[in-house]
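Here's the structure, in structure tokens; my notes come after.
The values are calculated or read from the model by the stated rules, or taken from the named source; none is laboratory data. Just so it is clear, the structure is predicted and the values come from calculations on it, not from any experiment. Backbone-built Cβ (ideal geometry, glycine too); neighbour counts: all protein chains shown. Areas reflect the complete protein model, heavy atoms only, side chains present, ligands, DNA and RNA absent. Shrake-Rupley method; radii C 1.70, N 1.55, O 1.52, S 1.80 Å.
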Amino acid sequence: MLQSASDSFQKFQDAVGVKFQLYNSLFLSLPFYGIDKTGILLSLFNSHCEESFAAQKSPTEIISDFFARHTSLQTEAEKADLLFRFVQYTERQVVLFDALEDAAFAEINDLQGPGTIKQLESSVSQRGKEPEFLKKLNDFSVRLVLTAHPTQFYPGSVLGIINDLVEAISGHDVSLINTYLQQLGRTPFFKKQKPTPFDEAASLIWYLENVFYQAVGNLVSGLKKNFPDQPVNFDDLVEMGFWSGGDRDGNPFVTVETTLRVADALKRSILTCYYRDVRQLKRRLTFTEVDVALVKLENRLYRHAFQTDPPDKLTKDEIVGSLSGIRQILLEKHDGLFVHLVNNLMDKVEIFGVYFASLDIRQESEAHRKIIEHIAEKTDALPKNYADLTDDEKISALLKIDQPVPIETLSDELSRDTLETVKAIQTIQENNGEKGCQRYIISQCQTALNAIEVYGLFLLGGWQSDELKVDIVPLFETIGDLQRARGVMKTLFENPEYRQHLKRRNETQTIMLGFSDGTKDGGYLMANWSIYKAKDELTGLSRKYGINVIFFDGRGGPPARGGGKTHKFYSSMGKNIANEAIQITIQGQTVSSNFGTVDAARYNIEQLLHAGIYNHIFASQAETLSDSETILLENLANESFTAYQDLKNHPLFLDYLSAVSPLRFYAETNIGSRPAKRGAGKLTLKDLRAIPFVGAWSQLKQNVPGFYGVGSALKALETQGKLNQIKQMYKDNAFFKALVDNSEMAMQKCFFPLTLHLSKHEIYGEIWRKIHDEFELSRKYLAILSGQENLMSDFPNEQQSVRTREKIVIPLTTIQQFALSRIADEDSLTATYEKLVMRCSFGIINAGRNSA
């Protein structure tokens, strides 16, 4: 076990830092696409950037200086070509560092220490809490929902190399590492075309097959082994969800055909996993009768996994039945030899069924409104004057629908596709089981009508109300939506028809809360505070009406989008917040950073399980915050909101971000299938997606959504004489400390020397200075709270990881800012520089993966 933080840090340095220097020297000596010494020049360029930024030079000055001092290149085209080579090298350095961290995960993390199931079991045993523990295991679950939000997206070929590289590093095979680095150097990262939604799904399915299948299966098998013959349903303890192919919100490329194709791919993928495991079993179970039963199961799995149109239907129960028969033969005739291998496979089948991950459908409320109004206009299913009715009248009309709509009568493509998707959910449930697709999420849900519109769409699509096996999930995102959430849900809970629907859904209501749009709308502190208050109010409301509420958190990778030390937020919750499940989206770089290997995935799943279960059994606090702490946080959030609104309402705010960051090139990076904004026309902050918004600030190394307003809020409360109270709250309250710690991570990734040249810009200088001043103010007050001069001092491993990654990408951020300057000057090589901006984005985005 690790003895201290210093021991852990030393392990990190030995396993990651030192090895990076060693293997990077191998990597930088490789000839790259016919240009010798590029790696050596890149090393010089990196040092040159660091020294020049310290001397307060601009990216344009730095690059011009570098070419004059260290190269004999004359033409702008030759110089641009070398910059492209630098980008290609740096991208691969990021991959090397990723692989080193992944390979060292088990060394630098105590896999049986704090926050793990092993430690939880020990605490339970020592304190005699086994009954409470088993009951909570039966009532609790973690759901990880994989989304293809474009914050990191390696091609499948690169994912494979990373996986092999991790194994080679773990085995200390320098020769093989060198070979894989050469392969990496010749494998393209850049996508000439946007990935389709199915491409995105295929990349995420890779993680399901190669990571989650083993990690979740092994975790559950271990629990069953430790608690045999207990009346606990371990099979629902960890669930996988999936958005790619079902998430339509602002993505016109997701169609009913996409949804059906992805559902089929998920089923074939899990059956392929079972097929491979059965083939492995055949090597051990060579006994009479068992061998025949295994071959029969193997053939059925093969047909359904690989044949286009299998002749019969294969269900989870049939697979479990076959394995049960094999297990019985082993117990009765072969002394139970290797029966544990059969049990392990049966555990996986019980967990993943024939669906692997539950496919969610998502669409925004405005799209539903338009679709229903179109249906009212074209059919007799709704009143012709539907659009002119009040909300209450519309709800009444929607709940009276008693006939499906003939889809062919609709002229609008979105309306037809939506109703076909509603029908397709039935098809998926028939083929993959009910869990294969059973949730419909409503983005930008603002009223009870928005939820009833979806209920109405199911009736229009041919579902009977008493057979509707789908959860309707409102998603509250903006500050205003979060504040209205209680009223929306109260109206729904009091509606007799909707209440009957909840009764059929086991008296359970899932509510999704979005972090990304909240920070875009109200800033870091106000977004997190608004989500906490919404959970507090919705928990109380749901308990009043006798409804189990499940909170589904839309969290991204960086703290600005709800990421960071996620499990610390859950472990800090008091009993005033519902704790029946932890459900979160796993987005972008979080997939690879927290769940990229079997060890990392299991460890981080255990951290979430521990947070929910330990807190329920052992935590004594009835409330997350005391009354005085609630008042303090309310004041901090309001002061922060005022500061953020002042910045956001600056008439040049969005122009600044568009002009000095790569925001306008996001849609062209080909890392995601979804457009960068909702709708057509002029870019507005409301329509701008949260991911490019947060991502643009990140690439600019200013990270506004992760800290802006924090310093102003703390300063304002200091003037009110409340700073000592806040310092005490930071010491005593885990929720507030997690907020501060995550903001420190966002700030650690800032680097204002990169854009110092903008401080005197005739148009944007004022905004740059406002952001920089707020950063320095926030850093000053966070140091007062923590008592530490440096950011992230409580997390030395993560601190060093961020520092190393930021150092690796200094060439990319420098080149990107240089290219943006040349584009602004309308240089003759503008098209080349635009490509350079986009290429830099890949490495910068991927390097920012360490979200926790």
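Things to note:
- Computed from the C-beta positions of residue 287 and residue 318 and an R0 of 30 Å, the FRET efficiency is 0.85 to the nearest 0.05.
- Area accessible to solvent at residue 288, 1.4 Å probe radius, in Å²: 100 Å²
- The length gained by stretching the chain between residue 617 and residue 720 to full extension, at 0.36 nm per residue less their Cα-Cα distance, is 33.2 nm.
- When you filter the trypsin sites (Lys or Arg not before Pro) in the stretch 681-754 for DSSP loop state and at most 13 other Cβ atoms inside 10 Å of their Cβ, you are left with 682, 686.
- Magnitude of the charge dipole, the stretch 190-301, Cβ model with Lys/Arg +1 and Asp/Glu -1, debye to 20: 500 debye
- Bridging of residue 11 to lysines at a Cα separation below 27 Å is possible for 19, 118, 565, 568, 737, 749, 807, once same-chain residues fewer than 8 apart are set aside.
- Positive-pole candidate from 444, 455, 419, dipole of the stretch 417-495, charges at beta carbon: 444
- In a simple Cβ point-charge model (Lys, Arg +1; Asp, Glu -1; nothing else charged), the chain has a dipole of about 680 debye relative to its Cα centre.
- Whole-number D in µm² s⁻¹ for the stretch 92-211, Kirkwood Cα-pair radius fed into Stokes-Einstein, 25 °C, 0.890 mPa s: 139 µm²/s
- Taking packing as the residue-averaged number of other Cβ atoms within 10 angstrom, the listed peptides 356-362, 624-630, 751-757 run from highest to lowest as 356-362, 751-757, 624-630.
- Residue-averaged 222 nm ellipticity for the chain, from DSSP H runs of 4+ at -39500 (n - 2.57), nearest 500: -19500 deg cm²/dmol
- Quick note on the stretch 206-257: its Rg to Rh ratio, both from C-alpha atoms and Rh being the Kirkwood radius, is 1.20.
- Of interest is the spacing of the C-alpha centroids, which for the stretch 111-125 and the stretch 337-375 amounts to 30 Å.
- Cα-only Debye scattering, the stretch 153-267: base-10 log of I(q)/I(0) at q = 0.16, 0.19 Å⁻¹: -0.93, -1.04
- Computed with a 1.4 Å probe on the full set of protein chains, the accessible area for residue 50 sits at about 70 Å².
- Spatial separation of Cα centroids for the stretch 633-664 and the stretch 476-517, in angstrom: 29 Å
- Cα gyration tensor, the stretch 695-852 - rounded (a/c under 1.5), prolate or oblate: oblate
- Rel. contact order, % - alpha carbon contacts under 8 angstrom, at least six apart, the stretch 142-245: 55 percent
- Shape call, the stretch 304-375: gyration tensor on alpha carbons, a/c limit 1.5: prolate
- Legend: P(r) of the stretch 383-422 from all alpha carbon pair distances, 5 Å bins from 0, whole percents, reading 5, 20, 21, 22, 25, 7.
- Separation in nanometres of the label points that stand 7 Å from Cα toward Cβ, at residue 261 and residue 135: 5.0 nm
- From most to least packed by mean Cβ count within 10 Å, the peptides 330-337, 536-543 give 536-543, 330-337.
- Gain in span if fully extended, residue 420 to residue 11, counting 0.36 nm per residue against the direct Cα distance: 141.8 nm
- Computed with every protein chain present, the accessible area of residue 7 is close to 60 Å² [probe 1.4 Å].
- Computed from the C-beta positions of residue 762 and residue 302, the FRET efficiency with R₀ = 51 Å rounds to 0.15.
- Sites residue 727 and residue 118 - FRET efficiency at Förster radius 45 Å, r taken between beta-carbons, to 0.05: 0.80
- Measuring between their Cα centroids, the stretch 782-852 and the stretch 238-286 lie 35 Å from each other.
- Ranking of 372, 784 by solvent-accessible surface, largest first: 784, 372 (1.4 Å probe, protein heavy atoms only, all chains present).
- For the stretch 759-835: rounded, prolate or oblate by the Cα gyration tensor [a/c cutoff 1.5]: oblate
- Computed over the chain, the P(r) tail beyond 46 angstrom holds 25 percent of alpha carbon pairs.
- From the Kirkwood radius over Cα pairs of the stretch 796-852, Stokes-Einstein at 37 °C and 0.692 mPa s returns a whole-number translational diffusion coefficient of 269 µm²/s.
- Three semi-axes of the equivalent ellipsoid, the stretch 316-463, Cα gyration tensor, whole Å, largest first: 47, 14, 11
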